[in-house]
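The values are calculated or read from the model by the stated rules, or taken from the named source; none is laboratory data. As the structure is a prediction and not an experimental result, all values here were calculated from the model. Using ideal geometry, Cβ is built from the backbone for each residue, glycine included, and neighbour counts are taken over all protein chains shown. SASA here: full protein model, heavy atoms, side chains in, ligands and nucleic acids out. Shrake-Rupley method; radii C 1.70, N 1.55, O 1.52, S 1.80 Å.
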Amino acid sequence: MVQITINRPHKRNAFTPRTVTEMSKCFTDAREDPDIGVVILTGAGTMAFCSGGDQSVRQIGGYAGADGVPRLNVLDLQQQIRHLPKPVIAMVAGYAVGGGHILHMMCDMTISADNGVFGQTGPRVGSFDAGYGVAQMIRLVGQKRAREIWFMCRLYSAEEAFRMGLVNKVVPLEKLEEETLVWCREILRNSPTAIRVLKAALNATEDGQSGLWELGHNATLLFYQSEEGNEGRQAFMEKRPPNFSQFKRWP
Ligand SMILES: CC(C)(COP(=O)(O)OP(=O)(O)OC[C@H]1O[C@@H](n2cnc3c(N)ncnc32)[C@H](O)[C@@H]1OP(=O)(O)O)[C@@H](O)C(=O)NCCC(=O)NCCSC(=O)CCC(=O)c1ccccc1C(=O)O
């Protein structure tokens, strides 16, 4: 397993375009490394998981980094987490608000400390996420609650978030890491391919063509590991017709 930590505790782990770019690189590394089976996403310190976009670098058109170009690159990161073929667990202590709340919702599971605080603040600061921020929330908490969360910008305790289905488990702050590692190890005991295909299938029920794309990727990956798949390649390389008649047509 690997842990990715948003390390801006002085800003309650608000993200800038650079933070997001660095996080994206970490997720790519986690994906590419065949020895990594689970990713933990968390924030530095105990005050916040993430407080969303850094409002001090927000400009007309998005959030600007050193190059001055406004970006909304956290939206790409959301997709990266959703389609990462390995489970991502949000380990939340303190605030998970605004874009930070959406990041935890994009993770496959969320373990929260008892000091966790959850909610959307966008409409208060002139922002909204009409993509996953709405779609994913509706799936987790239902239409009425989603409207309450977005329209009112209230903040909810970890226990309230648990009851709403936003959080899988609430533990005392001092037990947060220990409990998260227990969950990771339980996942890691299971078949990596089964977990991978299940994540794709759970996504696919809601993702339309991009869900099929993800399931299709898994089907090809499995087929490439089969003798039948290899027969086609082998025959081409040996300049002979493929012999697919040797393979059974299972019911
Ligand atoms: C998180 C708080 C409730 C914590 O309150 P508290 O513990 O009292 O601490 P503070 O004293 O307020 O904060 C300490 C320190 O941190 C600075 N800070 C905190 N949050 C941010 C932030 N988001 N941006 C910039 N700076 C922040 C704060 O100013 C203090 O600094 P000092 O120098 O000491 O003064 C509270 O801090 C709070 O409410 N924070 C703001 C939460 C918020 O509104 N976040 C933005 C929501 S909008 C968003 O995230 C959009 C993101 C995005 O890119 C996007 C774009 C398009 C579509 C979708 C998205 C998406 O949402 O993903």
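Here are the numbers for this structure:
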quantity: Filter pass, ARG240 being touching a helix residue (DSSP H, G or I) at 6+ places or on another chain (Cβ under 9 Å), farther than 29 Å from PRO123 by Cβ, free of Cβ contacts under 8 Å to residues at least 12 places away in the same chain and basic (Lys, Arg); calculated: yes
quantity: Scan of region 130-181 for residues that are more than 16 Å from the ligand (Cβ to nearest atom) and basic (Lys, Arg), ordered by number; calculated: ARG139, LYS144, ARG145, ARG147, ARG163, LYS169, LYS175
quantity: So VAL92, is it of a type outside the set (Gly, Ala, Ser) and under 16 Å from the mean Cα position of the chain (by Cα); calculated: yes
quantity: Pick from region 59-101, criterion farther than 20 Å from PRO123 by Cβ and touching a Pro at 6+ places or on another chain (Cβ under 7 Å), ranking: most open to solvent (accessible area, probe 1.4 Å); calculated: ARG71
quantity: Breaking point among (1) open to solvent by less than 10 Å² (accessible area, probe 1.4 Å); (2) within 16 Å of the ligand (Cβ to nearest atom), for PRO9; calculated: (1)
quantity: All strands (runs of 3 or more DSSP E) inside region 16-112 with 3 or more residues being within 21 Å of VAL134 (Cβ to Cβ) and within 12 Å of the ligand (Cβ to nearest atom); calculated: 95-97
quantity: Number of positions in region 102-115 that are open to solvent by 50 Å² or more (accessible area, probe 1.4 Å) and without any contact (Cβ under 8 Å) to a residue 60 or more places away in the chain; calculated: 1
quantity: Residue among LEU84, LEU72 that is touching a Lys or Arg at 6+ places or on another chain (Cβ under 8 Å) and over 18 Å from VAL117 (Cα atoms); calculated: LEU84
quantity: Count of residues meeting criterion [surrounded by fewer than 20 Cβ atoms within 10 Å (Cβ to Cβ) and either closer than 26 Å to GLY61 by Cβ or in contact (Cβ under 8 Å) with a residue 12 or more places away in the chain (or both)] in region 30-46; calculated: 6
